[in-house]
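Following: one structure in C-alpha cells, then a few remarks.
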C-alpha cells in the first residue's frame, strides 16, 4: 500500500501571525499538493491502466462518499446560525439529492454505476463498500457534525482543486475506457459547472470569517484533514478487499 504523502494535522507548522486574506487563500490553495489526483490509483486511471474490476470497485466505493455528501451538508446547516449562509448552502443538498425523482448528483452516480456494469441495487446495498472507505467517509460526516460550521466549510475547499482533476478524469474515461457507456459521465460534466461556483462561495466565507490566527489555523487544518481523507479512500480502494472470504 502506498504511504500517504502528507503530514498529519498535528505535524503542521502553526501559523506565526495573522494572515491577510490573500495570504490565507494562498495557504489554502497550497494544499493542492495533497489532493488525491496525485494518488497512484488516479494516475493509473488517467493513464488507462485500470481493469474493469478496479473501475467498478472505485465507482461502488465512491458512491458511499457521494450519498454521504448531503448528510455532511445538512450537518453544516444545522450548526450554522446565519440565515443567509443557510439559504445558499442548502443548494448543495438539492444539487446532490435532486428536486424531483431521477435528478441530482446521486442519481447521476447511479447511472455511472450502470454504465460500468453495476446495478442500482448493488450500489445501494453497500455490499462492496470497503472498511477503510466507510471509516473515512463516516469520519468526514462526523467532523461536520461536531466542528464549527466554518471549519466544515473550509474542509469543503477541496472543490478548489476538483475541476482540473475532473477534466482529466473525464478525458481519460472517454479515451481509455470505451467499454463504459459515455451516458454515465454526466455527473462529471455537471460538476465542472457546480464545483467552481461552490468553491468560490465557500472560499469567500472562510476568508471573511476567519479573522484570528486560531480560526485561520483551523481552516487550513480542516482542508488538510479533507485531503487526507480523500487520499485514505483511494488507499483502501487500491488495496481492495483483503478480508478472508471477501468477494
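Rule-based calculations on the coordinates, nothing more; no lab input. Since this is a predicted model, take the numbers as computed values, not measurements. Glycine gets a Cβ as well: all are built from the backbone with ideal geometry, and neighbour counts include every protein chain shown.
Which value in deg cm²/dmol, rounded to the nearest 500, describes the helix-derived mean residue ellipticity at 222 nm for the chain, given -39,500 (n - 2.57) per DSSP H run of n ≥ 4 and division by the residue count?
Roughly -22000 deg cm²/dmol at 222 nm, from the helical runs in the chain.
What FRET efficiency would be calculated for the residue pair residue 120, residue 100, taking the C-beta separation as r and a Förster radius of 22 Å, to the nearest 0.05?
Numbers: r = 17 Å, r/R0 = 0.78.
The calculated FRET efficiency here is 0.80.
With all pairs of different alpha carbon atoms counted, what Kirkwood hydrodynamic radius in Å does segment 55-202 show?
16.1
Using only the Cα atoms, what convex hull volume per residue in Å³ does segment 1-131 have?
Per-residue hull volume (Cα only) is 178 Å³.
Rounded to whole Å and ordered largest first, report the semi-axes of the equivalent ellipsoid of segment 181-247 derived from its Cα gyration tensor (root of 5λ).
33, 23, 6
Of 158, 20, how do they rank once you tally other Cβ atoms within 10 Å and put the fewest first?
Arranged by neighbour count, lowest to highest, 158, 20 become 20, 158.
In whole percent, what relative contact order does the chain give with Cα contacts below 8 Å and a gap of six or more residues? List each step's numbers first, then the result.
Numbers: 287 pairs, mean separation 86.5, N = 247.
So the answer I get is 35 percent.
Please compute the length gained on full extension between residue 79 and residue 20, using 0.36 nm multiplied by the number of residues separating them and subtracting their Cα-Cα distance.
Taking residue 79 through residue 20 to full extension adds about 18.6 nm, to one decimal.
Helix 162-176 versus the longest principal axis of the chain: what is the Cα-based angle in degrees, 0 to 90, to the nearest 10?
Its long axis makes an angle of about 10 degrees.
What translational D, rounded to a whole number of µm²/s, comes out for segment 124-167 from Stokes-Einstein when the hydrodynamic radius is the Kirkwood one over Cα pairs, at 25 °C and 0.890 mPa s?
Diffusion coefficient, whole number: 199 µm²/s.
Bins of 10 Å, beginning at zero and ending with the bin holding the largest distance: percent of Cα pairs per bin for segment 58-98, please.
Taking all Cα pairs of segment 58-98, the binned fractions are 29, 46, 19, 5 percent.
Once the convex hull of the alpha carbons of the chain is built, what does its volume come to per residue, in cubic angstrom? Let's see the in-between values first.
Numbers: hull volume 31.1 nm³, N = 247.
Here the figure is 126 Å³ per residue.
By average Cβ neighbour count within 10 Å, what is the ranking of 83-94, 196-207 from highest down?
Working: 83-94: 14.7, 196-207: 17.9.
Sorting 83-94, 196-207 by mean packing, highest first, produces 196-207, 83-94.
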